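S.K.: What follows is a single structure, and I will ask about it in a moment.
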Amino acid sequence: MTLRTMLLRRLVISVPLLIGILFFTFMLVRLGGQDPVGLLAGPTATAEEIDIVRAELGLDKPLFTQFWIYLGNIVQGDIGKSWISNRSVLLDILERIPITLELLFWGVALGSVIGVPVGLRAAFRHDKWFDQISRGISLLGFSIPTYFLGLVLLFVFFFLLGWSPPGMGRVSLLISPPPTITGSYLIDGLLAGDWSVARSALAQLILPVIAVAIISAAPIVKHTRAIALEVMSSDFVRFARASGLPPKKVSRIVLRNSSTPVATFIGTEITGLIGSVSLIEYVFAWGGAGQYGLNAIIRGDFSAVQGYVLFLAIFSLVVFILVDLLVLVLEPRAAAE
Amino acid sequence: MAEFFTVTQSLTNSMFRKVFSKVIGISRRSPTSVIGFVIIFIFGFLALLAPLLMPYDPVSSDPNKILNGPSLEHWFGTDGNGMDVFSRVIYGSRYGFGIAIPTVIVSLFLGVPLGLYAGYKGGNIDEAIMRVVDAFRVFPSIILALAVVAATGPSLLNVVLVIGVLDAPIFVRVVRAEVLALRSSSFIESGIIVGNPTWRILFVHLLPNAIQGATAQTAVRAAWAVRISATLAFLGIGIQPPTPEWGAMIRQGAEFMINGQWWVGIFPGVALIFMVLGFNMFGDGLQDLLDPKRRSGAK
């Protein structure tokens, strides 16, 4: 019951939000300076030809009518055609989503595996040297531009040391990609039993994953530390200490009570990380949805930009719902309310 | 005359000592903020005195010196156009400040009044403002900034306005939270009863008491503004090369880096990291100093 009401409430809140976001990007790309009609029709087109192209694209109608038609099309699953790839944006994005998610998943997983223990240790060693050093390093992590980190990693590990393959795509150019099952070359290669593909895919993955992990770990360290400190200063921990529980038991109480807010934070962080992941994809020529979106923005591909934004919005929505579900699992108290 | 001199001297001495002991006190309480401040100060110095410090014109190219490595003549080497990277990196600090400061001013001017009003009025107005603020939060800000700048055109003014507007929601949230805590306190209630107009309550009574959180945020937001404007330039949206802006320089350097000509991209990147780090450390320290709850930590 609580689950259903929660999901319903989420959906009711998010529909107007989604329409708002769609309207915003719709107006943005249209009121902006770039006119795709001129680009499409070519420099030699006459005024009549331009008008024909404009009518074909439906861009001659009033803006609100256009938006209305656009909404209607979305409901029917048609989010437009990319003017660059000349394909359905939906197909373009759908086939690239697993590529982005693979990078995001490994990056955040590695970032959490590093960030959470460091943050906890910093909280337990509050104001000691470990805390100071981890704080400094996480501030540095906050300050490194994502793309620059990617470039430096490539320079050091590809050019200087030669340990890594060049940052061009998800699998070596000499190897033909495996048959698509999940969309992840690593997993598909393993499923097909093709070791050379899996190895090449793994080698390509390592650097971008490390980059995403570094970018995601900095805020995780900071927030895990803050959350654990807050839990440690709460009344029930003080009571546990006063009752004479051994420090090990007390820290277990702290860990248990920090787990939910930390998990919630990592979940919400994922939605913001999509931006960083897009930049990493751009640097490593990764070819996922993020790079697709960036290219669409840079080159003024209306439908693709809108499709990308729609994907981001739905993605955040799904992540928020998953985080809520996770909270229900981790925290029976929340379910009772 | 001599007496006067010693008096003024001892006066300045005691003033100096007072300031000095205060600085020592702050640096003991929050060393990060002092390090951050020093970094920003150095960059400020570089930006102000750039014309005096630059050994070469940052945008004049020398076709005989393309992609020369770092040397005594060109400390940071030369780039693909034969321009001196050292001069360009120094000049780039001007773009960092030139974007960070106006951007934070724009978001303060937008966010603070909205936050004051939303928190004070409450009800539907508050609800409406906060919904919009939340909508901004759902979204990765880099993507939003990119999309808006790409659509509105890549002028420096647009970059500043867009980043400023996108960052305003953070100030709305911080200020509103503080106003909510103050709204029902007796000095506000008596202010209303005496008949002060709303604007006076907001800006004379509430603002000085609710601005602390926003003040602590400014340096962190400046760091973000420097970072994101460089990202825009790196992607080729916003400031264009050969303008000596760090993001644009990293973009130019990216293609050379893989061939081993690392100096074109690495030096502006390191400068960018240091400036962002300086603002972040300063902001982090400010939050510690201004927020007593954070300062006390676990105790």
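All of the numbers you see were taken from the coordinates with simple rules; none came from a lab. Since the model is a prediction, treat every value here as computed from it, not as a measurement. Reconstructed Cβ throughout: ideal geometry from the backbone, glycine too, with neighbour counts over all protein chains shown.
S.K.: For chain A, compute Rh as the Kirkwood radius over C-alpha pairs and then the Stokes-Einstein diffusion coefficient at 37 °C and 0.692 mPa s; write the answer in µm²/s, rounded to an integer.
M.R.: Translational D for this selection: 143 µm²/s.
S.K.: Mean Kyte-Doolittle of at least 0.5 and a Cα length of 20 Å or more along the axis: which whole DSSP H helices of chain A meet both?
M.R.: A:2-31, A:89-124, A:195-232, A:247-283, A:302-330
S.K.: Expressed as a rounded percentage, what relative contact order does the range B:101-291 have, with Cα pairs under 8 Å and six or more residues apart?
M.R.: Computed value for the range B:101-291: 23 percent relative contact order.
S.K.: Let me ask something additional. Please report the net charge: other residues with Cβ closer than 13 Å to the Cβ of A:I99, K and R +1, D and E -1.
M.R.: Net charge around A:I99: -3.
S.K.: Please tell me the relative contact order of chain A in percent, rounded to the nearest whole number, where contacts are Cα pairs under 8 Å and at least six residues apart.
M.R.: Worked out over chain A, it gives 25 percent.
S.K.: Anyone know which of B:K65, B:K22, B:K121 comes out most mobile in the 10 Å Cα GNM of chain B?
M.R.: B:K22
S.K.: What whole number of Å gives the distance from the Cα centroid of the range A:233-268 to the Cα centroid of the range B:198-267?
M.R.: 38 Å
S.K.: Taking the Cα centroid of the range A:158-209 and of the range A:287-337, what is the distance between the two, rounded to the nearest whole Å?
M.R.: Here the answer is 26 Å between Cα centres.
S.K.: Just tell me which lysines come within less than 22 Å, Cα to Cα, of A:K222; anything on the same chain fewer than 8 places away is out.
M.R.: The qualifying lysines are A:K128, B:K293, B:K299.
S.K.: What value, in deg cm²/dmol to 500, does the helix sum -39500 (n - 2.57) over DSSP H runs of n ≥ 4 give at 222 nm once divided by the residues of chain B?
M.R.: For chain B, the value works out to -25000 deg cm²/dmol.
S.K.: Could you pull out every whole DSSP H run in chain B that spans at least 24 Å of Cα extent along its own axis and averages -1.0 or higher on the Kyte-Doolittle scale?
M.R.: B:2-29, B:31-48, B:85-121, B:156-182, B:212-234, B:263-290
S.K.: Using alpha carbons only, how many angstrom separate the centre of the range B:101-169 from the centre of the range A:1-23?
M.R.: If we compute the Cα centre of each part, the gap is 23 Å.
S.K.: Here's something else I'd like to know. Could you line up B:T231, A:T65 from fewest to most neighbouring Cβ atoms inside 10 Å?
M.R.: Fewest-to-most Cβ neighbours within 10 Å comes out as A:T65, B:T231.
S.K.: Using a 10 Å cut-off around each Cβ of peptide A:148-155, what is the average number of partner chain Cβ atoms that fall inside? Intermediate values should be presented prior to the final figure.
M.R.: Values: counts 16, 2, 1, 11, 7, 0, 3, 10.
Taking the mean over all residues of the peptide, I get 6.
S.K.: Further question: What's the extension gain from B:R200 to B:Q240 if we count 0.36 nm per residue and subtract their Cα-Cα distance?
M.R.: This chain segment gains 9.9 nm when fully extended.
S.K.: Collect residues whose amide H, placed 1.01 Å from N in the peptide plane, falls under 5 Å from the amide H of A:K81; neighbours closer than 5 in sequence don't count.
M.R.: HN-HN under 5 Å from A:K81: A:V89.
S.K.: Cut-off 10 angstrom, C-alpha nodes, Gaussian network model of chain A. Which of A:A192, A:A304, A:A211 fluctuates the most?
M.R.: A:A192
S.K.: Putting +1 on Lys and Arg Cβ atoms and -1 on Asp and Glu Cβ atoms, find which of A:V309, A:P246, A:L207 reaches farthest to the positive end of the dipole of the range A:164-319.
M.R.: Checked the options; the winner is A:P246.
S.K.: Taking only DSSP H segments of four or more residues, each worth -39500 (n - 2.57), what value at 222 nm results for chain A once the sum is divided by all its residues, to the nearest 500 deg cm²/dmol?
M.R.: -25500 deg cm²/dmol
S.K.: Now a separate question. Cut-off 10 angstrom, C-alpha nodes, Gaussian network model of chain A. Which of A:S143, A:S216, A:S278 fluctuates the most?
M.R.: A:S143
S.K.: Let me ask something else about it. Please give the contour-minus-distance gain from A:V156 to A:F105: 0.36 nm per residue of separation, less the Cα-Cα distance, rounded to one decimal in nm.
M.R.: Using 0.36 nm per residue and subtracting the Cα-Cα distance, I get 15.9 nm.
S.K.: If you add up the charges near A:V197, with Lys and Arg at +1 and Asp and Glu at -1, over every other residue whose beta carbon is less than 14 angstrom from its beta carbon, what do you get?
M.R.: Once positives and negatives cancel, what remains is 0.
S.K.: What is the mean number of Cβ atoms from other protein chains located within 10 Å of the Cβ atom of each residue in peptide A:266-275, rounded to a whole number?
M.R.: Per-residue shielding by partner chains comes out at 3.
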